[in-house]
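The values are calculated or read from the model by the stated rules, or taken from the named source; none is laboratory data. Just so it is clear, the structure is predicted and the values come from calculations on it, not from any experiment. Note: areas computed on protein heavy atoms with side chains; ligands, DNA, RNA excluded. Shrake-Rupley method; radii C 1.70, N 1.55, O 1.52, S 1.80 Å.
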Amino acid sequence: MLGATVDEAQTQIMTFARNANFILEDRAHCLELLEGHGPDQGKNQRYIVGAAGASIGRTPPADIVLADSEVSRAHCRLTLENGILMATDLNSTNGTFIDGVRISAPTMVPVGAILRVGRQSLKHEWRTHREILQSDEFDREIGKARSYVEALLPAPLTDGPVKADWLFEPCSKLGGDAFGYGALSGTQFLIYMMDVSGHGAGAALHSVAVMNLLRQRALPGTDMADPAQVLAALNHMFQMDDHAGMYFTLWYGVYDTASRQLRYASAGHHPAFLIPEDRSQALGLIRGPAIPRPWPTSRPARRFIFSAMECSNSSRPMA
């Protein structure tokens, strides 16, 4: 919590700016965490650097602690010289970078520059405290929206005839990527993955609208077990001209656990792959336009991995 003014010559880590005590129009140097790995991944964090400067490291007593194995315990030092933010590497193992260039001596960090420490990227900003408060409030609202979208995703399945696990790593704080699965009726199991064009709140809202229809099996006059009907119904309901030019791609399939047959269709989405247990080959299930077709699966060990353009490399299968 930011609890004092920058003039008190200390580094302040902001988590709840609304409780801060400062003059709104005063400016401060701050670092915004853009991306990273570890427990802070996906969180909105800003660090204000006061007159006394700040140290960055993996563990305390560093002023700014970044829990990343590629960050050294004492990684770099930030100082203010005549109002200019300077960075000095402290003989770290993996180096300190400013806009992609590794530094070997005290180096100026221009406003807008990206400071790279380990796998963490921090952007240097020169903001009034009023702007910091506004950004903090906006980030909280985005965080709530992201939590809501993620709450709609299904839980992994560890028991039953169909097992599913997944890894969800959006490339931005809020976007239109989504997926779902679950029992449809009797021996039928529904699976889908979608990707709305663009990023941000608009894409997320569009994604939620489609997800809720599919989750509630609420497409009027549509057999949810027929992928062709589902895609046709969604295409009719979500015309670009009626939704601010937004569109989405979709892979939709229904698996019958008794006959071991998968019926599926794709509307511009990346192909899904059928992977045997030994991972010796990957059979593409579909390429090109929306073409509903059945696919028999003869081995219980086979699984489906659905690719998405924005997914990072991972050893875990995606549902």
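Return the long-range amide H neighbours of Ala74 (sequence gap of 5 or more, or a different chain), with a cut-off of under 5 Å between placed amide H atoms.
Arg58
Explain nothing, just the number: relative contact order of segment 96-222, from Cα pairs under 8 Å at least 6 residues apart, as a whole percent. Display every interim value, and only then the final one.
Values: 134 pairs, mean separation 18.5, N = 127.
Worked out over segment 96-222, it gives 15 percent.
Which whole number of Å³ per residue matches the convex hull of the alpha-carbon atoms in segment 65-143? Write out the running numbers ahead of the final one.
On the way: hull volume 8.7 nm³, N = 79.
Taking only Cα atoms, segment 65-143 has a hull volume of 110 Å³ per residue.
So between Tyr247 and Ala225, what do we pick up on full extension, going 0.36 nm a residue minus the alpha carbon distance?
Values: separation 22, 0.36 × 22 = 7.92 nm, distance 2.31 nm.
Full-extension gain reported as 5.6 nm.
Taking only protein heavy atoms into account and a 1.4 Å probe, give the accessible area per residue of segment 63-114 in Å².
Numbers: 2740 Å² over 52 residues.
Normalised by residue count, the accessible surface of segment 63-114 is 53 Å².
Amide H of Ala51 versus every other amide H placed in the peptide plane: which residues, excluding those fewer than 5 positions away on the same chain, fall under 5 Å?
Ala9, Gln10
Carbon and sulfur atoms: what percent of the 1.4 Å accessible area of segment 78-234 do they account for?
Details: 4060 of 7310 Å².
Roughly 56 percent of what the probe reaches on segment 78-234 is carbon or sulfur.
Please list the equivalent ellipsoid semi-axes of segment 107-261, computed as the square roots of five times the alpha-carbon gyration tensor eigenvalues, in descending order and whole angstrom.
On the way: eigenvalues 295, 77, 33 Å².
Here the semi-axes work out to 38, 20, 13 Å.
Can you compute the radius of gyration and Dmax for segment 105-154, using only the Cα atoms, both in Å?
15.8, 50
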